[in-house]
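The block underneath contains the structure these notes are about, expressed in structure tokens.
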Amino acid sequence: MNVLQAFSYFVREAAVGLARSLRVSLLAILTIAVSLFLSGMVLLVSKNLARTAQEWRAEARFTVYLAPEVDAAGKAAVGATIAQGRWTASLEEITPDVARERFERAFPSLSELVAERGEGALPFSFEAVIKPVPAADSAAFSAWVEELRRQPGVVMVDADQDWIGQVETVLTLIRGLGLALAAILLGASIFTIASVVRLTSFLYREEIAVMRLVGATEFYIRGPFYFEGILQGLLGGLIAAGALGGVHLLIEPRIASSLLAGALASKFLTPLELVALVAFGALAGWTGAVVSLNRETLDAPGS
Amino acid sequence: MIQFFGVSRRFSTGQSALDGITLEIARGEFCFITGASGAGKTTLLKLIFREDVPTSGQILVNGRNVSLIPRSKIPFLRRTIGVVFQDFRLIERKTIFENVAFLPRILGLDHGRQKRVAFEALRRVGLSHRMASFPSQLSGGEKQRVAIARALINEPEILIADEPTGNLDQDLSQEIVRLFLDIHLRGTTVLFATHDRVLIESVGHRVLTLAHGRLVDDRPSRRAPAAVPPTPTLDNGRDESATPGERA
């Protein structure tokens, strides 16, 4: 039997097997569809959150505000401390005049408020661009920020990295929990598919005995069952991919108006990720069939 | 062709199905195996096509020790042995053609050749007109003839029948036995397990009698030995280096 003949036979028999135990097959397909849908949602949300966090990080400000009475030497000392920090990419002095110009540009209707308060309305500050802080350095970075806060003349240190880091911690937590949930559900799917394939092999036990009797190889006997598992996984994966697309279509109109929707689902999965999701379903189905048929072989007398 | 050397088969319960069986069946021989229920007939047959393995002793089929055949090679042994059971063991959801053409399909024959060999096998048992029927549409005798056709499809060197007339009436039994005798005359070694003494006496071939797992009698044939022509198989002329059927 050549590969094409075998493939055609396996697919045909797998489809017959699937139809023969339709209800349990549907259960297995739905189980894998649900688990892949949730895995896809975790991937979608974590991917969008990671992108959003990255955008926030790119726009993050690190500003050190000084008291009005700080003299030039004091300013130079604080500036040197910031410049020498290993995370500092660049440093800029923001004088009260520059700060006022920015404020008036950003909030034209409130410009009078600043004018009323006179020269000292906005303080002198340093603005730095901070390089991405690796998770391993976050404690050292926080210590450095605290050190800056204790510098004479420093009234406030505004570090966006602090809360972005917290967002990223939450993101890692969400990703970990999501992956754990997806792994549990996939395990359940594999178990369900294994049970369905096991049930089908039980329904076909007499045929399998006849096949062995006339000299069918294990490859020929097992092929249809492997394909049945793969078919269930593929169908589950396709349903999951379709459902993810549907959810994205529902959210898409709200992305522009809702910050949350934008942060969670502004970018959909790439075609490659969708293909990987469906392929993962097929792999889970095949694994289920392998797990199931290993036991089936042990039960076979004389073979 | 088939040799047993001190073969025993004991089950895990301690019960002995076969006990120290030593025998030899020559190529082209027709041999009845008889004995009461539980005497060990089925176990003896199962050992020949590796459905079971002996607890001790050696079994040679065509000079090969069947107990030592690796699991992956068992299908190739079975392709050289046709087996017929009392309960027919046909696949109910498949047509008679599909049931019979199963092995040719495994061997990779194209559909046209599958049809030709299935037709020829069914013609030999007088059922070539029922190729499109399903087993449920056949009588017991017809089902058994389909099972024989399936066993014959690869022109096996050995044909094993385990109580093939057990579910049939006297007339149908005689008809099935005539079929086996015809197959034997073409050179196939036939092992026919039955407890029907009348049937055995009517034929007059060699009779091995088992009782409680022991060979208690070996009565030689009262007939002249049949001529043994070569036995072509579906695989002939395709790969001479391989064991018959050792493909797919």
**Residue in the range B:27-42 that is closer than 29 Å to B:E142 by Cβ, away from every other protein chain (no Cβ under 14 Å), in contact (Cβ under 8 Å) with a residue 40 or more places away in the chain and of a type in the set (V, I, T) present** = yes
**Members of the range A:203-240 that are touching a residue at least 40 places away in the same chain (Cβ under 8 Å), surrounded by fewer than 22 Cβ atoms within 10 Å (Cβ to Cβ) and among the small types (G, A, S)** = A:G223
**Any hit, the range B:174-195, residues being at pLDDT 85 or above and small (G, A, S)** = yes
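Okay, residues lined up against (1) modelled with pLDDT of 85 or more; (2) over 21 Å from the mean Cα position of the chain (by Cα):
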position: A:L185; (1), (2): no, no
position: A:T217; (1), (2): yes, yes
position: A:L238; (1), (2): yes, no
position: A:G246; (1), (2): yes, no
position: A:T270; (1), (2): yes, no
**Message:** Checking the structure you have, find out if any residue of the range A:41-59 is surrounded by fewer than 18 Cβ atoms within 10 Å (Cβ to Cβ) and over 21 Å from the mean Cα position of the chain (by Cα).
**Reply:** yes
**Complete:** Of the residues in the range A:182-220, those that are within 14 Å of chain B (Cβ to nearest Cβ), in a helix (DSSP H, G or I) and among the hydrophobic types (A, V, I, L, M, F, W, C) come to A:L203, A:I208, A:A209, A:V210, A:M211, A:L213, A:F219
**Number of the exception - A:R86 against (1) of a type in the set (D, E, K, R); (2) over 20 Å from A:L122 (Cα atoms); (3) modelled with pLDDT under 85** = (3)
**Request:** Inspect all residues belonging to the range B:49-67 and state whether any of them is crowded, with 20+ Cβ neighbours inside 10 Å, away from chain A (no Cβ under 11 Å), touching a Lys or Arg at 6+ places or on another chain (Cβ under 7 Å) and in a loop (DSSP other than H, G, I, E, B).
**Result:** yes
**Prompt:** Of A:G223, A:G229, which residue is within 14 Å of chain B (Cβ to nearest Cβ), assigned to a helix (DSSP H, G or I), closer than 22 Å to A:F10 by Cα and in contact with a Phe, Trp or Tyr (Cβ under 6 Å, 6 or more places away or on another chain)?
**Reply:** A:G223
**Item:** Residue that is nearest to A:G233 (Cα to Cα), among those in the range A:1-26 that are within 11 Å of chain B (Cβ to nearest Cβ) and either among the aliphatic types (A, V, I, L, M) or not in a helix (DSSP H, G or I) (or both)
**Value:** A:V16
**Request:** Could you tell me whether any residue of the range B:75-85 is assigned to a loop (DSSP other than H, G, I, E, B), crowded, with 16+ Cβ neighbours inside 10 Å and more than 9 Å from every other protein chain (Cβ to nearest Cβ)?
**Result:** no
**Request:** Of the numbered conditions (1) at pLDDT 90 or above; (2) within 8 Å of chain A (Cβ to nearest Cβ), B:F102 fails exactly one; give the number of that condition.
**Result:** (1)
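The values are calculated or read from the model by the stated rules, or taken from the named source; none is laboratory data. The model shown is predicted, which means the values in this text are computed figures rather than measured ones. Ideal geometry is used to build each Cβ from the backbone, glycine not excepted, and the neighbour counts take in all protein chains shown.
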